[in-house]
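Undergrad: Before I ask anything, here is the structure I am working with.
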Amino acid sequence: MTVDALTDVAGLRVGHATRIGGGWLTGTTVVLAPEGGAVAAVDVRGGGPGTKETDALDPRNVVRSVEAVVLTGGSAYGLDSASGVMAWLEERGRGVRVGPGPGHVVPVVPAACVFDLGRGGDFRARPDAATGRAAVEAAAASELGAPVPEGCVGAGTGAVVGHLKGGVGTASTVLASGITVAALVVANAAGFPVDPETGVLYGELFEGRRVVYPAAGVHEVARQRLAEVAAQTPLPPLNTTLAVVATDAALSKAQAQKVAGTAHDGIARAVRPVHLLTDGDTVFTLATGARPPAEDNPLALNEILAAGADLVTRAIVRAVRAAEPVTGPGGAWPSYGELYGERPGER
């Protein structure tokens with residue numbers, strides 16, 4: 001049984017640490033690989049990324065697999081949350097072995113951040129090492145194959161897409177070959193996810209199902225509300241969409257990097273514009289290797305590439321639809337559901 005989430009890739013777990021209230025509107029999300037790690041790669045397209053340990057994932061470099069990936073709020077300050085994940089992994093002897101003893105490991109924990117500083121009211125309220133530890137502990141405590149909470153949780157707690165509330169979304173599919181591909185995103189973009197002429201989410205135009213367009217009157221009211229929000233809460237041009245695309249196929253680091261690169265197409269379908277100089281758009285790939293190598297089937301990698309991009313688009317749609325409105329000292333951001341209502345059968 002699948003749950004249409006990143007955790008449909010066997011062995012992966014997801015944990016959120018969420019801070020709301022008292023000046024806080026931020027959090028951290030950890031994707032925890034099976035013990036022994038997963039092959040990892042990354043592709044960064046935004047002109048203003050905030051990342052950690054991404055150079056280690058270059059196919060030319062020595063690190064082949066990682067035990068966890070961290071997605072976090074707090075801009076560059078929030079990258080400190082990866083330290084808490086590293087400490088947790090070190091305590092369990094998980095990481096790159098650098099000596100003869102069981103504790104002689106260096107956990108390589110790639111991380112990327114979104115800008116949400118001050119959205120809860122306190123500019124200094126941001127994730128730290130304790131937040132990262134809380135998120136990885138939540139991941140470790142979760143059941144294998146468990147559903148993943150979406151919306152305003154973890155790294156998506158303070159996320160904003162245009163002038164709409166953003167958040168976390170996830171989706172998965174099983175290909176005809178039996179390979180599972182899944183994606184998890186943190187939608188926090190300077191671009192907008194809604195077609196200004198119709199009110200439909202851009203990403204829904206690519207989902208392969210009948211598009212339900214909002215009524216003209218509903219859309220006009222929504223446009224007026226968004227114009228009011230824009231006047232009251234100007235957007236800093238500092239935003240990012242983060243994603244983790246995962247598969248149970250056996251991929252090389254170079255193949256995994258190709259998957260990460262193609263998955264950026266999924267962001268471009270769902271948010272306009274993307275990959276700006278002040279964006280930090282970053283996609284990670286994790287390959288657990290439970291199924292045969294992609295090179296055994298020349299078409300398998302193409303199928304994974306296409307599915308990764310499609311799932312990133314669908315995960316962004318789910319993130320926007322799962323988000324809840326926020327009004328507080330840091331600003332006011334309506335949700336898509338508040339303005340337009342739920343898509344029939346969505347929830």
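The values are calculated or read from the model by the stated rules, or taken from the named source; none is laboratory data. Only a predicted model underlies this, so the values are computations on that prediction, with no experimental measurement involved. No Cβ is skipped: glycine too gets one built from the backbone with ideal geometry, and neighbour counts run over all protein chains shown. What goes into the accessible areas is simple: the full protein's heavy atoms, side chains included, and nothing from ligands, DNA or RNA. Shrake-Rupley method; radii C 1.70, N 1.55, O 1.52, S 1.80 Å.
Undergrad: If you go through segment 315-337, how many residues are over 28 Å from residue 7 (Cα atoms) and of a type in the set (Ser, Thr, Tyr)?
TA: Result for segment 315-337: 1.
Undergrad: Can I ask one more? Within segment 230-251, can you find the residues that are β-branched (Val, Ile, Thr) and either surrounded by fewer than 19 Cβ atoms within 10 Å (Cβ to Cβ) or touching a Lys or Arg at 6+ places or on another chain (Cβ under 7 Å) (or both)?
TA: Within segment 230-251, 233 is the sole residue that qualifies.
Undergrad: Then there's this: List the residue pairs whose Cβ atoms are under 6 Å apart, where the first residue sits in segment 46-64 and is over 18 Å from residue 107 (Cα atoms), the second is in a loop (DSSP other than H, G, I, E, B), and the two are 6 or more positions apart or on different chains.
TA: 46/275; 46/280; 46/281; 47/277; 48/278; 48/280; 49/280; 50/280
Undergrad: Then there's this: Against the condition among the small types (Gly, Ala, Ser), open to solvent by 20 Å² or more (accessible area, probe 1.4 Å) and either touching a Pro at 6+ places or on another chain (Cβ under 8 Å) or not in a loop (DSSP other than H, G, I, E, B) (or both), how does residue 82 come out, does it pass?
TA: No: the conditions fail for residue 82.
Undergrad: Would you tally the residues in segment 225-245 being of a type in the set (Val, Ile, Thr) and either part of a loop (DSSP other than H, G, I, E, B) or touching a Gly at 6+ places or on another chain (Cβ under 6 Å) (or both)?
TA: Looking only at that region, the number is 3.
Undergrad: If you check every pair at least six apart or on different chains, which have Cβ atoms under 8 Å apart with a residue in segment 220-247 that is without any contact (Cβ under 8 Å) to a residue 24 or more places away in the chain first and a residue that is part of a strand (DSSP E or B) and open to solvent by less than 40 Å² (accessible area, probe 1.4 Å) second?
TA: Between residues of segment 220-247 that are without any contact (Cβ under 8 Å) to a residue 24 or more places away in the chain and residues that are part of a strand (DSSP E or B) and open to solvent by less than 40 Å² (accessible area, probe 1.4 Å), there is no close pair.
Undergrad: For segment 206-229, which positions are hydrophobic (A, V, I, L, M, F, W, C), open to solvent by less than 50 Å² (accessible area, probe 1.4 Å) and either in contact with a Leu (Cβ under 7 Å, 6 or more places away or on another chain) or at pLDDT 95 or above (or both)?
TA: Residues satisfying the conditions are 211, 222.
Undergrad: While we're here: Go through segment 303-331 and give me each residue that's among the polar types (S, T, N, Q) and either touching a helix residue (DSSP H, G or I) at 6+ places or on another chain (Cβ under 7 Å) or in contact (Cβ under 8 Å) with a residue 24 or more places away in the chain (or both).
TA: Listed by number, the list holds a single entry, 313.
Undergrad: Which residues, counting only those in segment 18-32, are farther than 11 Å from residue 157 by Cα and in contact with a helix residue (DSSP H, G or I) (Cβ under 9 Å, 6 or more places away or on another chain)?
TA: Passing the criteria: 30, 31, 32.
Undergrad: For segment 209-245, give me the residue count where each residue is under 22 Å from residue 27 (Cα atoms) and touching a helix residue (DSSP H, G or I) at 6+ places or on another chain (Cβ under 6 Å).
TA: Selection size over segment 209-245: 3.
Undergrad: Working carefully through the options 158, 169, 203, find the one that is under 23 Å from residue 327 (Cβ atoms), crowded, with 24+ Cβ neighbours inside 10 Å and touching a helix residue (DSSP H, G or I) at 6+ places or on another chain (Cβ under 6 Å).
TA: 169
Undergrad: Please go through segment 1-45 and give me each residue that is open to solvent by less than 10 Å² (accessible area, probe 1.4 Å), in a loop (DSSP other than H, G, I, E, B) and in contact with a Ser or Thr (Cβ under 6 Å, 6 or more places away or on another chain), ordered by number.
TA: Of everything in segment 1-45, those that are open to solvent by less than 10 Å² (accessible area, probe 1.4 Å), in a loop (DSSP other than H, G, I, E, B) and in contact with a Ser or Thr (Cβ under 6 Å, 6 or more places away or on another chain) turn out to be 5, 9.
Undergrad: Give the residue that is farthest from residue 282 (Cα to Cα), with candidates limited to residues of segment 180-189 that are β-branched (Val, Ile, Thr) and open to solvent by less than 10 Å² (accessible area, probe 1.4 Å).
TA: Restricting to residues being β-branched (Val, Ile, Thr) and open to solvent by less than 10 Å² (accessible area, probe 1.4 Å), the top hit is 181.
Undergrad: Could you say whether any residue in segment 131-144 is over 30 Å from residue 17 (Cβ atoms), open to solvent by 50 Å² or more (accessible area, probe 1.4 Å) and among the basic types (Lys, Arg)?
TA: Within segment 131-144, not a single residue is over 30 Å from residue 17 (Cβ atoms), open to solvent by 50 Å² or more (accessible area, probe 1.4 Å) and among the basic types (Lys, Arg).
Undergrad: Next up: So is residue 89 touching a residue at least 24 places away in the same chain (Cβ under 8 Å) and farther than 20 Å from residue 21 by Cβ or not?
TA: yes
Undergrad: So residue 105 ticks every box in (1) touching a residue at least 24 places away in the same chain (Cβ under 8 Å); (2) buried (at least 17 other Cβ atoms within 10 Å of the Cβ) but one. Which box is left unticked?
TA: Tallying (1) touching a residue at least 24 places away in the same chain (Cβ under 8 Å); (2) buried (at least 17 other Cβ atoms within 10 Å of the Cβ), residue 105 fails exactly one: (1).
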